[in-house]
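The block underneath contains the structure these notes are about, expressed in structure tokens.
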Amino acid sequence: MFKFLKKKRDKTVIKSEIIVSGFNITVLKKDIKNIHLNILPPDGKVRVSVPKRTDDVFIRGFIVSKLPWIEKHVRRFKEQPRETPREYVSGESHYFKGERYLLSVIDYAGKPNVAINDKKYICLSIKKEATVEERKKILLNWQRKELEKELPDIFNKWQTIMGVSANEIRIKKMKTKWGTCNIKAKRIWINLELIKKPVYCIEYIVVHELTHLIEKNHNKRFKEIMDKFLPAWRIYKKELNGSFLLGS
Ligand SMILES: [Zn+2]
């Protein structure tokens with residue numbers, strides 16, 4: 001009796017830089033099957049990930065063929081107003097479910113809390129000596145609770161429609177992804193930042209991650225599944241990517 005040895009995934013990554021038409025492009029050679037081209041936050045850096053044995057001349061040719069796309073997206077990225085560092089003071093704009101609100105910080109000696117008032121203000125009641133970090137923490141906790149309220153209905157709805165189910169759903173603050181799916185564990189992470197976006201964008205990410213339980217890769221089949229369940233998904237994707245990151 002003998003066992004088949006499972007081929008171990010090669011996790012080494014060879015990183016290099018090439019310049020094409022004035023763009024400094026990061027090239028990552030790794031154990032993958034397809035080429036991925038991404039524009040990354042915060043400054044619109046271009047990155048191409050390719051299978052290990054891809055020839056450099058081919059990579060250059062690929063990038064040249066994608067130059068119009070790269071130029072368009074890098075430009076869009078740079079035009080996008082970057083989020084300024086928050087100080088959590090009255091008058092600051094904060095987004096919630098796709099709407100812009102003004103933060104109103106109220107001096108309050110009791111247990112800190114957050115509430116929406118007049119459909120216009122996010123009122124943060126907290127002691128006046130509170131530091132930026134303390135104010136931020138209370139607001140993030142509130143955002144997390146609000147997203148926690150949204151997710152069960154959205155997941156229940158789409159799990160029923162799609163006939164799949166996740167074992168675990170978590171909310172996480174992530175820098176480069178709106179959501180992730182660990183297919184083996186059927187564990188889905190949703191980015192806390194999504195609470196700032198319209199609910200249909202949250203739904204789009206949920207459908208995207210649930211689709212991974214049917215199809216691992218972002219291939220033709222993946223898109224067909226998305227088209228079937230959420231025909232307008234490309235519009236939502238555009239809306240999200242325009243404001244945060246491209247790719248993934
Ligand atoms: Zn995905």
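The values are calculated or read from the model by the stated rules, or taken from the named source; none is laboratory data. Small disclaimer: the values here were computed from a predicted structure and weren't measured. Don't worry about glycine lacking a Cβ; one is built from the backbone with ideal geometry, like all the others, and counts go over all protein chains shown.
Output yes when any residue across segment 198-212 is more than 27 Å from E99 (Cα to Cα), of a type outside the set (K, R) and surrounded by 13 or more Cβ atoms within 10 Å (Cβ to Cβ), and no when none is. I'd like the intermediate steps shown before the answer.
Within segment 198-212, the subset more than 27 Å from E99 (Cα to Cα) is 211-212.
Within this subset, residues satisfying the condition of being of a type outside the set (K, R) are 211-212.
From the residues that got through so far, the ones that are surrounded by 13 or more Cβ atoms within 10 Å (Cβ to Cβ) too are 211-212.
Yes, that holds for at least one residue.
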*asked:* Of everything in segment 144-163, what is in contact with a helix residue (DSSP H, G or I) (Cβ under 8 Å, 6 or more places away or on another chain) and either outside the structural domain of E209 (by TED's automatic domain parsing) or under 28 Å from V114 (Cα atoms) (or both)? Give them in sequence order.
replied: R144, E146, L147, E150, L151, I154, F155
*Taking the condition buried (at least 19 other Cβ atoms within 10 Å of the Cβ) and under 18 Å from the mean Cα position of the chain (by Cα), does H218 pass?*
no
*Does A130 meet the test of being within 16 Å of the ligand (Cβ to nearest atom) and in a loop (DSSP other than H, G, I, E, B)?*
no
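Return the residues of segment 169-189 that are within 11 Å of the ligand (Cβ to nearest atom) and exposed (fewer than 15 other Cβ atoms within 10 Å of the Cβ); say none if nothing qualifies. Please lay out each step first, then the result.
Narrowing segment 169-189 to residues within 11 Å of the ligand (Cβ to nearest atom): 177-181, 183, 188.
Once the filter is applied, which keeps residues that are within 11 Å of the ligand (Cβ to nearest atom) and exposed (fewer than 15 other Cβ atoms within 10 Å of the Cβ), segment 169-189 yields only I183.
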*Hey, G91 hits all of (1) in a loop (DSSP other than H, G, I, E, B); (2) surrounded by 11 or more Cβ atoms within 10 Å (Cβ to Cβ) but one; which does it fall short on?*
(2)
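Does segment 190-205 contain any residue that is part of a helix (DSSP H, G or I), touching a residue at least 24 places away in the same chain (Cβ under 8 Å) and within 14 Å of the ligand (Cβ to nearest atom)? Walk me through it before giving the result.
Taking segment 190-205 as the starting set, the residues that turn out to be part of a helix (DSSP H, G or I) are 192-196, 199-205.
Now narrow it down to the ones that are touching a residue at least 24 places away in the same chain (Cβ under 8 Å): 192-196, 199-205.
Then keep just the ones that are within 14 Å of the ligand (Cβ to nearest atom); that gives 204-205.
The answer is yes; a qualifying residue exists.
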